[in-house]
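So the structure is just underneath, and the comments pick up after that.
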Amino acid sequence: GQETRRLSDEYEVLDILGRGGFSIVRRGIKKSSTHHVAIKTLRRLGPSVMLPSPPEGRKREKQQQLHQREGVAVSDALLTNEILVMRRIVEEVAPHDNVIQLYDVCEDPTGDVHLILELCSGGELFDRIVAQERYSEAGAAAVVRQIASGLEALHRANIVHRDLKPENCLFLNEREDSPLKIMDFGLSSVEEEFTHPVVGLFGSIDYVSPEALDRGQGSIISSKSDMWSLGVILYILLSGYVYMHGEFSFYEKTWKNISASAKQLISGLLTVDPDRRPSANEILQHPWVIGYSAKQEQMDAEIVSRLQSFNARRKLRAAAIASMWSCSIFLRTKKLRSLVGTYDLKPEELGSLREHFQKICEKGDNATLPEFEE
Ligand code: ATP
C-alpha cells in the first residue's frame, strides 16, 4: 500500500515548523514540483525529542529499553487514531476550506509515519488576532463562521474533533482573507466507532465540555462537545478571559459593550446539557455568526490587551505541556528518581522540573500529575 513508500523518495524535507508531544512537523517540497507541504512525522518513540539529552552513547540503549517497556503503546494508539481519522476526512469530507487536507501517508522502515499535509503558513489563530490593528466583533464572527463551517463538515462525516482549541486553528497563508484551518486530529474520533479517548484530555482542559470531564457518568462525547469548545474560544475572543467549568456570567464591566446577540450565542454554546446546545449547522444561521448583528466598532482596549497577555501565557504553558507530555510516559510508571538516573538531572534541575509540572497541573486534572519522590 501507499504507506510503505519512503518519504525521501518523494519529498525533500526542509525546516522544522513545530513540534508536538509525539510529533515533529517540517516543511517539505514534493520532488519534481514546487508544491510545498507540511510533513508531520509521528515517531513510534517520540518523547525523547523534548527531554534534556542524556549523554549520547547511553541514549540509544535507554531508548531501546523504553521501547520494550512502555511508551510504544501510547504513541502507537495515538498514531493509528490520527491516521484513521485523517483517512476518513479524505474519504468523507471533500476538500473543505476550513479543514486541513491530508495529501499522502508514508511509512519509513524505521516505523516512523509521515502525514503529508496541507502547509499552513499563516500562523495560529490568536497570534494573528492579537497582532491585528483593528479587532471587532465582526472579525471574531468571521473566525467563528470559519470554525463552525469546518466543524459542520466534520460532524456531517461523524468526526468529532475532541481537542478543539485556538492552537489547533491555523491560517493557511499570510493574506488578510486567508482561510482558517482546523487541524490536529490526534484525539479525534469517528462517532460510530466511538472509543474512549486514547489518552486523557490533559493540556486542553480549558476547552473541554462538561460531558467530557464527566466520563464516569456514562455520558457520551458527541459533536456537541466540539460546540462547547467553540463557545469557550468565543468567550475568550470577546472578553480576553478564560471561562472554565463553573457558573459563568457576563460581568457588566467587561461585557457592557458586547452585543446582546453575541452573548446569547455564547450562552447557547456553553449550555451544560449537550442536547440543548446548538449544532454547527444551527449556528451557521445565527445572526451574529453571519455578521448581521456583529458590531463593526473596534473592541475595547482592555479586552484586546487581556487577550494579548492571555496569548502570551498560553504560549508559555504550551511549551511546558509539550515537555510534560514527553515526561509523562516515564513518570507514569517510574518515579522521578529513575528519571534523574536516566537523564542525569542535577537536583536544582529536578526542582525546577517539579515546579514546572505543578504549575501546569494547578488548573486541575490531577489524575495526570506524576508522583514525585524526593
Ligand atoms: P499536540 O502535542 O499539541 O497535540 P501534535 O503532536 O498533535 O501536537 P500538531 O499540533 O499537529 O502536533 O503540530 C505541532 C506544531 O507543528 C503545531 O503547533 C504547528 O505549529 C505546526 N504545524 C502542524 N501542522 C502544520 C501545518 N499543516 N502547517 C504548518 N505548521 C504546522
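The values are calculated or read from the model by the stated rules, or taken from the named source; none is laboratory data. Small disclaimer: the values here were computed from a predicted structure and weren't measured. So basically every Cβ, Gly included, is an ideal-geometry build from the backbone, and we count neighbours across all protein chains shown.
Conditions (1) in a helix (DSSP H, G or I); (2) under 20 Å from the mean Cα position of the chain (by Cα); (3) at pLDDT 95 or above; (4) surrounded by fewer than 21 Cβ atoms within 10 Å (Cβ to Cβ), marked per residue:
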position: Arg134; (1), (2), (3), (4): no, no, no, yes
position: Ala138; (1), (2), (3), (4): yes, no, yes, yes
position: Ala141; (1), (2), (3), (4): yes, no, yes, no
position: Gly150; (1), (2), (3), (4): yes, yes, yes, no
position: His155; (1), (2), (3), (4): yes, yes, no, no
position: Leu164; (1), (2), (3), (4): no, yes, no, no
position: Asn173; (1), (2), (3), (4): no, yes, yes, yes
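Somewhere in the range 128-147, is a residue within 12 Å of the ligand (Cβ to nearest atom) and farther than 17 Å from Pro95 by Cβ? Step through it out loud before you land on a result.
From the range 128-147, those within 12 Å of the ligand (Cβ to nearest atom) are none; that's our starting set.
Checked the range 128-147: no residue is within 12 Å of the ligand (Cβ to nearest atom) and farther than 17 Å from Pro95 by Cβ.
Looking at this structure, is Leu117 more than 14 Å from the chain's Cα centre (by Cα), within 16 Å of the ligand (Cβ to nearest atom) and among the hydrophobic types (A, V, I, L, M, F, W, C)?
Taking the combined requirement at face value, the residue satisfies it.
Return the residues of the range 12-41 that are within 13 Å of the ligand (Cβ to nearest atom) and hydrophobic (A, V, I, L, M, F, W, C); say none if nothing qualifies.
Leu14, Ile16, Leu17, Phe22, Ile24, Val25, Val37, Ala38, Ile39
Restricted to the range 175-199, and to residues that are more than 10 Å from the ligand (Cβ to nearest atom) and at pLDDT 85 or above, which residue is nearest to Leu125 (Cα to Cα)?
Restricting to residues being more than 10 Å from the ligand (Cβ to nearest atom) and at pLDDT 85 or above, the top hit is Leu180.
Exactly one of these conditions fails for Leu115: (1) part of a strand (DSSP E or B); (2) free of Cβ contacts under 8 Å to residues at least 60 places away in the same chain. Give me its number.
(2)
Output the helices (runs of 4 or more DSSP H) that fall wholly within the range 248-361 and possess 1 or more residues being closer than 23 Å to Ala131 by Cα, modelled with pLDDT under 95 and of a type in the set (Lys, Arg), or say none.
301-333
Restricting to the range 142-165, give me the number of residues that are among the small types (Gly, Ala, Ser) and within 13 Å of Ser229 (Cβ to Cβ). Full working, then the answer.
If we filter the range 142-165 for residues that are among the small types (Gly, Ala, Ser), which is where we start, we get 142, 148-150, 153, 157.
This time we only want the ones that are within 13 Å of Ser229 (Cβ to Cβ), so: 148, 150.
Total satisfying the criteria: 2.
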